[in-house]
Amino acid sequence: MVWRWYFIYKSSDSTRYIYSDSDGGEWLHKYIKHDCQSGYPPPTVTTSNDGPLTCSKTSVTLTATGGGSYQWSGEGTSSTKVVTTPGTYTVTVTSANGCTSTSSTIVTQDITPPTVTTSNDGPLTCAKTGVTLTATGGGSYEWSGGGTSSTKVVTTPGTYTVTVTSANGCTSTSSTIVTQDITPPTVTTSNDGPLTCAKTSVTLTATDCGSYE
């Protein structure tokens with residue numbers, strides 16, 4: 001007796017064959033189910049995320065590949081998931097043959113504010129009519145009253161505040177106080193006069209004036 005195989009169909013999870021004798025008088029059926037127990041490999045899963053979370057980036061997208069169905073820790077059944085907190089996220093992927101694989105991705109967070117320092121080269125005086133404010137800390141700068149550089153020149157006394165934004169979008173503020181000293185000196189003058197026929201010169205004297213002109 002000669003047996004011949006006849007392929008009927010193949011689905012995603014099984015294959016069905018029939019075979020018969022040479023005369024077609026006897027038929028046998030063979031059904032092969034594709035599953036993990038039958039030696040089929042589990043899906044190959046990869047996971048990634050577009051983090052880290054920062055002060056300016058408040059959500060991160062997790063992405064899994066590997067086909068089939070997806071089940072994320074903490075819920076979610078799509079190949080992608082949006083999260084807003086740092087941590088380790090695990091996905092279980094089930095392929096068409098029922099085999100499963102898991103993979104994890106770690107979402108980190110950077111919300112460290114910049115360290116800002118401010119200073120000025122004051123005080124303002126009658127001779128020094130402008131003072132330079134200086135800020136350090138990197139990133140971008142925004143001064144009270146206007147100004148986006150790390151330095152700013154001012155001509156009036158007061159408290160000046162700068163807001164510094166770092167690359168991660170986090171901000172810090174710092175202030176510097178500009179003082180002013182425009183108090184005029186107290187001057188006293190005298191002379192040893194008067195001039196007379198015998199005293200032809202008089203000495204003028206000034207005190208507490210600093211410089212004299």
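The values are calculated or read from the model by the stated rules, or taken from the named source; none is laboratory data. Please read these numbers as outputs of a predicted model, since none were measured by experiment. SASA here: full protein model, heavy atoms, side chains in, ligands and nucleic acids out. Shrake-Rupley method; radii C 1.70, N 1.55, O 1.52, S 1.80 Å.
May I ask you to derive the relative contact order of the stretch 70-154, considering only C-alpha pairs under 8 Å and at least 6 residues apart, and to give it as an integer percent? Could the numbers behind the result be given before it?
On the way: 108 pairs, mean separation 15.3, N = 85.
Relative contact order for the stretch 70-154 comes out at 18 percent.
Kindly sort Cys126, Cys55, Cys197, Cys99 by accessible area of their heavy atoms, largest first, with the probe set to 1.4 Å. Don't jump to the answer; show the numbers that get you there.
Numbers: Cys126 105, Cys55 60, Cys197 140, Cys99 0 Å².
Heavy-atom accessible area, descending, gives Cys197, Cys126, Cys55, Cys99.
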